Each structure stands twice: as structure tokens, then as C-alpha cells.
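Novice: Structure incoming, see below.
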């Protein structure tokens, strides 16, 4: 990969767009290169603007930590303008292609759970891909991640047995096999007990660096080894009794350098770290990585931040951090954990002296709360006529065959591969032979952001069959209603802000509840934030009410004497929010 990124301005009919170009990596003689159906070079990306939505805390030495809600390819394309070559450590826990849906239990706040309708499981994300889609997805993102790394930077890629062998080859291609440092085995003590194979109780973390002169702080740990009489005194050894050996022999603790097999417990439901977010990783794991490959003040980045463990740990250890996720629930959970960390007296040197953080949106992803349900909602909103199950198409509309592309990320050319089978249909080939100059199939691709040339690529794939292709990008000029807005009634009484009622309509629908069934609206609330001097653009809350699972929000808040424009944000258990202006 080239050490230089070319930035050019591309004029469009609407505005000037900054485009970042990358050189194609040269094949390395003697090393294999992974190929897949539809592998496309990733040689440029465009700049995507970001909208600042919230701030928490204060600027520190000219720095604010950052959270982004959006497709991480778009987020990284945004970050290139300012942060190319400035990120010192990257940790990612990307999808594994595990063929599973990951869910999180949603239940009412407080202790009043007396029936099944007060709790349900909500899908957070799907990890189901075709192999080609997955490999192209990771290939493009790893290229951008390398561009963001500083010369002293390192990247840790977390994976399991599903795709780690493929990711190793892709990473070798992008970073170079000589910059592979370790395959770290994270061994944990949780998991099933299979009968016909060994229990799978480890993940692999691929450790690469940008260059040869990289940050690495040696790590040490205590290891229990057999005690042998006559070893003599050694300040590194501490003889201890071995109860398991019935006194016949002993063991000693030896302080040794950390190797590449790590025994660290996962996060179980009785842990004080537990958030119930699927695939949550333990703080101890991230502490080891961040301590080893960065120093206080360095920039740490996680573009699959999930429950936010990387960012929480970076804050504890005095690192600057940037995080991103497409899942709104992940952004909400990470925000809560960071606020809790900032407001709690931890025995950690750096907490309390860290900069605050900002929350940005990249692109208009708030049309969906949860991309998992997006396809169903899109088909309904666009009035697409569904087809029988098993069809490669998602429906038909106005004589066009409709295919809904992945909407939790930019649709890319690799996503078209599953349509290749369509063009081998004998009836289609016959119609094309009879009318070679006429389009024999009209196709509508529905997406939520897409790379250029999607329609042309599909037409090339269909050749010699002639087709018409329309790309419907719902982020551009589409006024579609995908969810029912929440409702709230907020008043001012005796110098206090009082929330009289709150009706999160989508949450009530999932609970099969009507407005009249709500006992205490506060049981439906995840957090309340109030900005008593709202500037009309960015929420900077001075009151943040985030209860734990066994408690509920207050619902009544004193108004500050120096208040100005008041704005309140109420977020429900599904991470959907309503923001209201209040006259005081």
C-alpha cells in the first residue's frame, strides 16, 4: 500500500466532493493472494460529512473524543481528511460470518416485571453473509484502517474460526506479511460442551503493525510453575504451598514475559461489566492490548465498537479515542458507559482528567433504528409486492424486480454476485436472443448508500442479456416513513421541568401494549438528557439521568437560574429518542 493518499476534488451537479485515492498494493513475490468471486480493487473513496449532534464534557488540550453513528466505511472516509496517519492503535471485533443473529434482552426498568409482555429479545445485528460479500466488506475496511494508522501504529483484528484464516491472508496482502507480529490466542472459560468435537473456547487476534518502528510496551504476568527444591533464592520467585499436591511438592509464581496465549475470562452475566450486549468483550482483554501497543495520549480507534469496551478502557488508561458503529443501540450503550465512567470515582489515574466526547452522525442513518428490520420496513414503505419465499428477489414494483441491498452499510459491487444466477435462466436467454436490442428485464436496486457504478456493473454482469437497472438510494430525497414517532408531554411547574407522559410508539408495539396500558412511563425510559442553554444545533446536556436496570428516571428536574433555550431528549429502551423544546 502506498504511503501517500491522493486527495482530489470531484465536481458533481450538486457540490464539490473530496475523493481519497489509494495505490493498489503490489503482489508480494512468493506469497499467495486470496481471491474471491467479485473481488474488486478498492482504490478510492469519497469524503462524507458528519453532523455533530451531542457533546458531553469539555475540551482537553484541544481534543474531544469522538463517537460516530454510521457505516464505518463512510465514517473512516470522513476521518481520512483529518486523521490519516494519526491513529496509533486500532482494535476491531468485526463480524465473524457466524451465520447467527445476535439479540439483546429488552425489559422494563425497575422490578415490576410480572408477565412475558414486559420483556422481549431484540436483534442487534445479523452476522449472516455470503462468503464473497464478507471478504469484500473486510478488504475495503482494512485498507482504510491502514491508511488511518500512524507510522508507529498497530492493529488488532479479533476473529474466531469462521474466517480468521481468510482475514490473515487479506491482512498479509494489505499490511504485508513481514508486519504480522502475532496470532494471539484468547482462551476463555465459557461456552458449550459439544459431544462430537473439542469445546471451542478460544478466539484469535491478529496483530499487525504499520511499519517496523512501532510502539510496544513489554507485558509481564505471574505464571504458576512446578517448584523444584534446590533452585535457590530468586527475587522473581515466590514459593507457595501447593494444597493440591498434599504437601509432597510445591509450586512457585514466576514473573515472566507475556506470550501469545492469554487466559482471560469472558464477560458473564454476574460480572459488574455485564451489559447484555451480544459479543461483549472484557475490559481485561482490552487493557492488555491498549497498554502494550499505545501510550497515554495516543489515539485509539474502534470502528466496530459494539458495547464500547475499547473506548471505556481507553478512557481508563488515559488514551484519546474514536469509536463508530452502525447500530444505534451500540452508540447509546457506549454513551451511557462513558458517562458513567466519567461520573464515577474509579481508582484509575486518568479518569476525571480525560477530555469529554462528541457524538456525530455520518449520513442519514436515523431513518432506521435497527438495520436488522430494515428490509421488511423498506418493502412495506416502498409498496413492493412480495414474492413467494425462496425467490432471489424481494418483490415486484411497477413491473420491476426489486432487490433490497444490505442497508447496514454501503452497497458494493460484491453484493451483486448473488444476482448472477438470474442471468443464466434459459427463458431469459431465449427472450434476449429473440430481441437482442431490447431490455428483457427491469431491475430496481434499493440501497442505503452505494458505491458508484452499481447499475453499470450489474449490466456488465448480465451481458449479453440487456437489462434496465434503477438504483433507489433511500438516503437521497426519499420522504419515507419507517417508524412511528414517540410522543411526550413536558411542562414547567414551580420552577421544575416535569415530564407528564411518554409514549414510545415502536416500543409499545413490540410490547403489544396500548397507551392506556402504561402504568409508569418511566419504566420505558433508558435515559433523559436536558440542555438548559441549547444553541439550536448541538445538544450539550447539563442534566443526565441514566438509572441502572433496577431503577427508573426521576422525571422531575429543577430548572437552572441561568437557563436559556431548554431542550430535552428522552430515549427509550430501544434507543429511539424524542427531542422537545420547552418554554420556561
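None of the figures in this text is laboratory data; all of them are computed from the coordinates on show. Quick caveat, the model's predicted, so the values are computed rather than measured. Virtual Cβ from ideal backbone geometry, glycine too; neighbours counted across all protein chains shown.
Novice: Ranking 335, 279 by Cβ neighbours within 10 Å, fewest first, what do you get?
Specialist: Arranged by neighbour count, lowest to highest, 335, 279 become 279, 335.
Novice: Ok, one more. Label points 7 Å out from Cα along the Cβ direction at residue 218 and residue 438: separation in nm?
Specialist: Distance between label points: 7.8 nm.
Novice: Here is a further query. Modelling each spin label as a point 7 Å along the Cα-to-Cβ direction, I'd like the residue 196/residue 131 distance in nm, to one decimal.
Specialist: In this crude spin-label approximation the distance works out to 2.1 nm.
Novice: Could you please rank 91, 360, 31, placing first whichever residue has the fewest other Cβ atoms within 10 Å of its Cβ?
Specialist: 31, 360, 91
Novice: To continue, here is another question. Counting other C-beta atoms within 10 Å, which of 438, 60 has the fewest, and how do the rest follow?
Specialist: 438, 60
Novice: Work out the P(r) tail for region 487-582: percent of alpha carbon pairs separated by more than 22 Å, whole number.
Specialist: Summing the P(r) of region 487-582 above 22 Å gives 26 percent of all pairs.
Novice: Also, I was wondering about something else. Output the relative contact order of region 371-473, whole-number percent, from Cα pairs under 8 angstrom with separation of 6+ residues.
Specialist: 26 percent
Novice: Here is a further query. Using the alpha carbon gyration tensor of region 371-473, what are the three equivalent-ellipsoid semi-axes (square root of 5 times each eigenvalue), largest first, in whole Å?
Specialist: They are 23, 16, 11 Å, listed from largest to smallest.
Novice: So what's the convex hull volume per residue for the Cα atoms of region 250-318, in Å³?
Specialist: 133 Å³
Novice: Between rounded, prolate and oblate, where does region 386-433 land on the alpha carbon gyration tensor, with a ≥ b ≥ c its root eigenvalues, rounded for a/c under 1.5, else prolate if a/b exceeds b/c?
Specialist: oblate
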